[in-house]
Amino acid sequence: MHLNRILLSGILCLCLTLPCFAQQQAEDTAIHFSEKFLRAINRQASSLGHKLDKTTDKALARWQRQETKLLRKLAKKDPALSAQLKTDAAAQTAKLQQQLSNPGELQQYLPALDTLKTSLRFLQQKPDLAKLGLKNAQVSGTLDKLKGMEGRLQQAQAVQQFLQQRRQLLKEKLGNLGLAKELKQLNKQAYYYNAQLKEYQSLLKDHKKAAQKGLAMLRKTKVFENFMRRNSQLASLFRLPGDPNDPAQAANLAGLQTRAQVNNLIQNQLAVGGPNAQAQFRQNLQDAQSQLSQLKDKIIKAGGSSSELDMPDGFKPNPEKTKSFWKRIELGTNIQSQRSRGLLPASSDIGLSLGYKLNPNSIIGIGTSYKLGWGKDIRHIKISHQGLGLRSFIDYKLKGSFWLTGGYELNYQSGFSDFNELKDLSRWQPSGLIGVSKVVSLQSKLLKKTKLMLLWDFLSYRQKPRTQAVLFRIGYSF
């Protein structure tokens, strides 16, 4: 009986302490999440702001150099026009500098940026912010950094408009003066700058894991949903529905017809029109949609702000130019095996490669390889070091998934037991490779594609001992 009382008391104590422990654990998780959330946004804002500054400064410097070169050539043909354009350039540049010093609010609406800013303002107004282990200054600092990045985006858009205006003016003034080559170069610069801005704006959606988790947790709460509906940038432009208790919304909607009333009115009019009225209504609706699409196309063509619309005649853009260095790097591995021949054991060449994408159709790179010896045959397996290799390669896309592959390699073809033996340069033999490869895409998170290579070593006939002339390699890209 006494033992039962002790057991019952223990169970009651455990039941009382578990909620406290769970609450403490939840608070610790919230603190950890909040700090990670702010750090992720800070890093993203700093990184993107730095990239915008660097790209904008470089684009302006290139444009000014190219335009100065163009006006210098123009001065030989039409000095008066050259002087006029030079004066216009100085005036527009001064106006641009004034805009850059006071960028103001971002004119373009970016949903991802709006969500981040509204999330931080929500945390700022949260009364139990201290329970999350955060201070108002931390949230305010992150919000200021985000606003700073927004200012840089506005500066970039001001530069974008400046380049578009200069491009259009130079095209109108110089179109018939034999300076098409120089104008084409300016058009390319404007195009790539616009494309780079689009790339950076897309990075705003690419939240890190901590930021994604934070936004997902906030979106699950009804309080944040209501706050977003009332305080986002989009809500300031359009009063979003969903809050019937908002007096401002009620005033805005007063006197407007509901959807049901509009539907009833349409049905009554169709009934009066007779049996063919509904078909005629559908036809008129399709015609209206077609006219709207045509009007939209005209507006896009007249706007000139899209990077696709600035494309010079005969110019094929290189999408790799707007990517960062690391996004153009392609890491790969490959393997090549050969049978035992004479005194040489069976071996496998295991290679690593680092490729750099010049454009969608060309890749250059370097690599290294290690020759692993297996022994004479399956009954006489003996692991040994049979050589090393230094590689360079170039791939050019022929058609579809077929590529032309070439390369130059230096291979140490002898077995070694000490790395000091590799210093003997006379034992390194060259290989010149050319062949065809086929790339097969893979649906894998780790491996992006498989590469099957058939290569001819046209320098193999001079090597001693003689090596394989025809090589087959299987490669994988990460």
Legend entry - Pick from segment 69-111, criterion in a loop (DSSP other than H, G, I, E, B) and touching a helix residue (DSSP H, G or I) at 6+ places or on another chain (Cβ under 8 Å), ranking: surrounded by the most Cβ atoms within 10 Å (Cβ to Cβ): 106
Inset, instruction - Looking only at segment 293-305, decide whether some residue is at pLDDT below 75, of a type in the set (Ser, Thr, Tyr), outside the structural domain of residue 58 (by TED's automatic domain parsing) and under 21 Å from the mean Cα position of the chain (by Cα). - result: yes
Inset, instruction - Say whether the condition of being under 20 Å from residue 457 (Cβ atoms), in the same structural domain as residue 448 (by TED's automatic domain parsing) and at pLDDT 95 or above is met by at least one residue in segment 354-365. - result: yes
Inset, instruction - Specify which of the listed residues (197, 163, 169) is more than 23 Å from residue 107 (Cα to Cα), touching a helix residue (DSSP H, G or I) at 6+ places or on another chain (Cβ under 8 Å) and assigned to a helix (DSSP H, G or I). - result: 169
Legend entry - Search result, residues across segment 31-67 that are at pLDDT 90 or above and polar (S, T, N, Q): 55, 56, 64, 66
Legend entry - Flag for residue 382 being out of contact with any Ser or Thr (no Cβ under 8 Å at 6 or more places or on another chain), in the same structural domain as residue 346 (by TED's automatic domain parsing) and among the basic types (Lys, Arg): yes
Legend entry - Hits in segment 32-61 (condition: surrounded by 19 or more Cβ atoms within 10 Å (Cβ to Cβ) and either among the hydroxyl-bearing types (Ser, Thr, Tyr) or not in a helix (DSSP H, G or I) (or both)): 34, 55, 56
Inset, instruction - Residue by residue through segment 182-236, note down the ones that are polar (S, T, N, Q) and modelled with pLDDT of 85 or more. - result: 185, 187, 189, 194, 196
Legend entry - Members of segment 450-472 found to be more than 19 Å from residue 398 (Cα to Cα) and of a type in the set (D, E, K, R), listed by number: 457, 462, 464, 466
Legend entry - Candidate set: segment 433-445, residues that are aliphatic (A, V, I, L, M) and loosely packed, with under 14 Cβ neighbours inside 10 Å; chosen: the one nearest to the chain's Cα centre (by Cα): 442
Inset, instruction - Report whether or not residue 476 is within 18 Å of residue 370 (Cα to Cα) and either touching a helix residue (DSSP H, G or I) at 6+ places or on another chain (Cβ under 8 Å) or without any contact (Cβ under 8 Å) to a residue 40 or more places away in the chain (or both). - result: no
Inset, instruction - Output yes when any residue across segment 428-444 is in the same structural domain as residue 395 (by TED's automatic domain parsing), within 17 Å of residue 331 (Cβ to Cβ) and touching a residue at least 60 places away in the same chain (Cβ under 8 Å), and no when none is. - result: no
Inset, instruction - Sort out which residues of segment 112-163 are surrounded by fewer than 21 Cβ atoms within 10 Å (Cβ to Cβ), at pLDDT 80 or above and of a type in the set (Gly, Ala, Ser), and write them in order of number. - result: 140, 141, 148, 151, 158
Legend entry - Count of segment 446-478 residues which are loosely packed, with under 14 Cβ neighbours inside 10 Å and assigned to a loop (DSSP other than H, G, I, E, B): 7
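The values are calculated or read from the model by the stated rules, or taken from the named source; none is laboratory data. The shown structure was predicted, so the numbers you read here are calculated from the model rather than taken from an experiment. Neighbour counts are summed over all protein chains in view; Cβ atoms, including those assigned to glycine, are modelled from backbone coordinates with ideal geometry.
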